[in-house]
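Student: The structure is given below, and queries will be raised subsequently.
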Amino acid sequence: MNDVILTPAGKKPLSFTLPVVAAAGAFAGIFIGAANGSVLLGLVAGAILLAIIGLVFVSVLGKGAERAARWGLVAVFAIAGFLLGGIPGAVIGALFGWFFGWFVYRIGYGRYRVRLVPYLTPGQVLWHYTFRVICGAIFVFLITPILVVMPLSFNAQDFFTFTPEMLRFDPAGYSLKHYRDFLTNPEWTRAVKNSLLIAPVATLISVSLGTLAAIGLSQSHVPGKRTIMAILISPMIVPLIISATGMYFFYSKIGIVGTYWGVVLAHAVLGIPFVIITVTATLVGFDRSLTRAAANMGANPVTTFFRVQMPLILPGVISGGLFAFITSFDEVVVVLFIGSAELQTLPWQMFTGLREQISPTILAAATILVGISILLLASVEMLRRRSEHLRGMSPG
């Protein structure tokens, strides 16, 4: 399907190609100019440089020399980057050269319209790609802070910034010592142990209560179910500091502040809304006739639930459980109110490290948490697709 050509490609006039590639060069030049102290100079230089490249590639070299032209641009940009910033500059320059070589030919020969239907107006085509650029920019804005933390966790020095050795890709600038400290330091290992003791139990409670609540609220005869739903999911809407304060005053009255079960129940309350939402979404496509058929054949409600309903909604239940686990494992505000010195969780230890000793081990812990979150979210996505397949909402 990806190879289907909906609109034939053709060479575009320079009056269209040059302004578009110049605009892209100006956008890239803004960042390069900002890094070198002159945004305006970077903008102008980027626009002029890309306009010249577009003119040479499209009008002089043409499509027959595309491969050589693109690789030549990669080499030129890599050399320029090396002269300006060493090895990191060469890598970034090579990436810029590869992208702009691809971009110039894509614009100059109309390849951007190949997979679009021919009846789209220029404005619709512009919005089609503008929307994707906006989404990509948002993604970069969200993901960049995480990507910065990962290489910093391998810093050989006790700094929160990139050292000259790291920027030169010198092996001496990298080390696993922060990971070793994370795995051997009693403060960090105790925090990990507490998190692993609290999060699974809180998740189990969240899944049990959240699943039952979602199934009950999915029944058409339940009165005031919108109000009940709003109350049950309020912990994920109300600011966390307000929930933590309320839990502290309530739990202090019943004597469970600073106890294991106090933290577990608090985290379970925070996880229940995620379970309710995911299970409710799964129940949208559930065929009610299956439960009625099971009841007609003599199955009691418990048997019907575990043998008929649960296998079909299990992907949603597991997805909600994973979200509840992540919420409990990453939560720090509530545990500061409800927990105690003996119940310091990993996020609490990271918060303490930032506030009191500025330990770079925090970066190693953050990288490990990011890895765990990525694995769990990937599992959620696979379960979502499996759920859609079981409910006939997507092809097998």
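The values are calculated or read from the model by the stated rules, or taken from the named source; none is laboratory data. Since the model is a prediction, treat every value here as computed from it, not as a measurement. Because the Cβ atoms are built from the backbone with ideal geometry, glycine has one as well, and the counts that use them run over all protein chains shown. The accessibility values were calculated without ligands, DNA or RNA, using every heavy atom of the protein model including side chains. Shrake-Rupley method; radii C 1.70, N 1.55, O 1.52, S 1.80 Å.
Student: Give me the one-decimal nm value for the distance between modelled label points at residue 296 and residue 370, 7 Å along each residue's Cα-to-Cβ direction.
Tutor: In this crude spin-label approximation the distance works out to 5.5 nm.
Student: Provide the per-residue ³J(HN,Hα) series for the stretch 316-330, in order, calculated from phi with Karplus coefficients 6.51, -1.76, 1.60 and θ = phi - 60°, each as a whole number of Hz, with x at glycine and proline positions.
Tutor: For the stretch 316-330, the Karplus-derived couplings read x, 5, 5, 4, x, x, 5, 5, 5, 5, 4, 4, 5, 5, 9 Hz, x marking Gly and Pro.
Student: Which one, 248, 179, 119, has the greatest fluctuation when you compute a Gaussian network model over the chain with C-alpha springs under 10 angstrom?
Tutor: Between 248, 179, 119, it is 119 that shows the largest mean-square fluctuation.
Student: Right, another one. For the stretch 96-220, what's the relative contact order in percent, using C-alpha pairs closer than 8 Å and at least 6 residues apart? Walk me through the numbers on the way to the answer.
Tutor: Details: 38 pairs, mean separation 13.8, N = 125.
For the stretch 96-220, the relative contact order is 11 percent.
Student: Of 214, 364, 28, which is the most mobile in a GNM of the chain whose springs link Cα atoms less than 10 angstrom apart?
Tutor: 28
Student: Can you tell me the orientation of helix 122-152 relative to the chain, as the angle in degrees between its alpha-carbon axis and the longest Cα principal axis, to the nearest 10?
Tutor: Its long axis makes an angle of about 70 degrees.
Student: Probe radius 1.4 Å, ligands and nucleic acids left out: which of 346, 209 has the largest accessible area, and how do the rest follow?
Tutor: Numbers: 346 5, 209 95 Å².
Sorted descending by solvent-accessible area, the residues read 209, 346.
Student: When the chain is treated as a GNM, springs tying every alpha-carbon pair under 10 Å, which of 289, 373, 359 comes out with the largest mean-square fluctuation?
Tutor: 289
Student: Also, quick follow-up: Relative to the longest principal Cα axis of the chain, at what angle does helix 240-254 sit, 0 to 90 degrees, rounded to 10?
Tutor: 20
Student: Write down the accessible area per residue of the stretch 1-68 in Å², having rolled a 1.4 Å probe over the full set of protein chains.
Tutor: Working: 4300 Å² over 68 residues.
Counting only protein heavy atoms, the per-residue value for the stretch 1-68 is 63 Å².
Student: Specify which labelled value, from [x] 46; [y] 42; [z] 55, agrees with percent of Cα pairs over 33 Å apart derived from the coordinates of the model shown.
Tutor: Derived directly from the coordinates: [z].
Student: Sticking with this one: Where the accessible area of the chain is counted over protein heavy atoms with a 1.4 Å probe, how much of it, in %, is carbon and sulfur?
Tutor: Numbers: 16440 of 22480 Å².
For the chain, the apolar C and S fraction of the accessible surface comes to 73 percent.
Student: Continuing with the same structure: For residue 66, what accessible surface area do you get with a 1.4 Å probe? Give it in Å², rounded to 10.
Tutor: 30
Student: Which far-off residues, 5 or more places away or on another chain, put their amide H under 5 Å from the one on residue 155, with H placed in the peptide plane?
Tutor: Here the answer is 175, since their amide H atoms fall under 5 Å of that of residue 155.
Student: Let me ask something else. With everything on Cα atoms, drop me the angle between helix 361-390 and the longest principal axis of the chain, reported from 0 to 90° to the nearest 10.
Tutor: That helix lies at roughly 80 degrees to the long axis.
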